[in-house]
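Got a structure for you, written out below as structure tokens; questions coming shortly.
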Amino acid sequence: MKLQQLRYIWEVAHHDLNVSATAQSLFTSQPGISKQIRLLEDELGVEVFARSGKHLTHVTPAGEAILEAAGEVLRKVESIKQVAQEFSNEKKGTLSIATTHTQARYALPATISAFIERYPDVSLHMHQGTPMQISEMAADGTVDFAIATEALELFSDLIMMPCYRWNRCILVPRDHPLCQVSSLSLEDVAAHPIVTYVFGFTGRSKLDEAFTEKGLTPRVVFTAADADVIKTYVRLGLGIGIVAGMAHDPEMDPDLVALDASHLFASSVTRIGCRRGTFLRGYMYEFIEDFAPHLNRDLVNEAFRCHSKTELERLFSHIDLPTF
């Protein structure tokens, strides 16, 4: 069994069983990958992939277990490389982050700008996706950090650390009737068609919970994952927008009014998560602390020593999180 063979089956499984696409991404030949997979299967005595003719059709039950173990091995190898690189050149390497549009567009720019200035030889890669996709990328080791509000708690292998609290605002054109309401209520909001996030994005669950508790059924006429797209459709008159407060920029959105909705919806917490057992290089600790100053190296290390979600919650319970 060779490390290269484990890499091949892992990559094929993550390229939708497309050997040709895998070969292109690894800069090698398709026949070479197919041969090595067959050699591995012959050695193990089981098939990792089921086939129809020359095409791979699905991962076998044995293959599922083998791929899980292969992923662990490959992550350990990557950790060994990270350890060696930390001692050979502590200011050179890579950092990969998965996050949502809102975090990438409004919360992260200052942190990333400062990081790149401090570590010009670290290649920084950002992946955007749904909260579930983001969590999966962190859980399987595709990225170093996941930054999101939803879904991180679904993965027990992730160490989740709270960064800041945030709430929502109601976006309306300047001449909208809600601008004249002195004390905004959920009933006022529910009386208008709503444009907001897709369920599962950027704290959408808190929004739905608030309406449900009041016995209201909001008329959501359009949803999107991108706050800037939501603002576009508010401008078109499709409805009032409900977005994260940070997504309104008075200079960039002078035609829209942001009405405070923090009294209508429970606040949400954005967290940064990474896989348990990840080797954190020095610049990774600094990135975390730049983004969330209370998450210093000692506290992060203490979080990694926690064995359960309850322990993690207890560790961070005394921290008064900043509000974005």
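For the pair His263 and Asn301, how long in nm is the line joining their label points, each one 7 Å along Cα→Cβ?
4.6 nm
What FRET efficiency comes out for Asp249 versus His15 if R0 is 41 angstrom and r is the Cβ-Cβ distance? Round to the nearest 0.05.
That gives a FRET efficiency of 0.60.
What do you get for chymotrypsin sites (Phe, Trp or Tyr not before Pro) in the stretch 192-252 restricted to DSSP loop and a cutoff of at most 15 other Cβ within 10 Å of the site's Cβ?
Phe199
If a/c stays under 1.5 just call it rounded; otherwise compare a/b with b/c (prolate if a/b is bigger, oblate if not). Do that for the stretch 1-73, with a ≥ b ≥ c from the square roots of the Cα gyration tensor eigenvalues.
rounded
Right, another one. Let me spell out the model: positive unit charges on the Cβ of Lys and Arg, negative unit charges on the Cβ of Asp and Glu, origin at the Cα centre of the chain. What dipole size does that give, in debye rounded to 20?
Dipole of the chain, to the nearest 20 debye: 520 debye.
For Gly93, which sequence-distant residues (separation of 5 or more, or a different chain) have an amide H within less than 5 Å of its own amide H, given hydrogens modelled in the peptide plane?
Residues meeting the criterion, in which the H sits 1.01 Å from N, are Val122, Ser123.
Give the residue list of GluC sites (Glu not before Pro) in the stretch 1-100 that are DSSP loop and have at most 15 other beta-carbon atoms within 10 angstrom.
Sparse-neighbourhood loop GluC sites (Glu not before Pro): Glu90.
Let me ask something additional. Show me the helices of the chain, taken as full DSSP H stretches, that run 18 Å or more along their long axis by Cα and average -1.0 or above in Kyte-Doolittle hydropathy.
Qualifying helices, which must be both long enough and hydrophobic enough, are 30-44, 61-88.
Report the number of Lys pairs in the chain whose alpha-carbons are under 27 Å apart, with separation of 8 or more residues or on distinct chains.
Number of lysine pairs found: 15.
Which residues among the stretch 239-270 fall inside the zone where the amide N is under 17 Å from a point 7 Å beyond the Cα of Tyr233, along Cα→Cβ?
The answer is 239-244, whose backbone nitrogens lie closer than 17 Å to the label point.
Okay, next question. With the full set of protein chains in place, find how many percent of the accessible area of the stretch 240-324 is carbon and sulfur; take the probe as 1.4 Å.
For the stretch 240-324, the apolar C and S fraction of the accessible surface comes to 50 percent.
Something else about it: Mind giving me the nanometre distance, one decimal, between the label points for Thr94 and Leu39, set 7 Å out from Cα along Cα→Cβ?
2.4 nm
Counting only heavy atoms of the protein chains, get the accessible area per residue of the chain (1.4 Å probe) and round it to a whole Å² value.
Value for the chain: 50 Å² per residue.
The values are calculated or read from the model by the stated rules, or taken from the named source; none is laboratory data. Keep in mind that this is a model prediction, so the values were computed, not measured. Cβ atoms come from the backbone with ideal geometry, glycine included; neighbour counts cover every protein chain shown. These area figures cover heavy atoms from the full protein model, side chains too; ligands, DNA and RNA do not enter into them. Shrake-Rupley method; radii C 1.70, N 1.55, O 1.52, S 1.80 Å.
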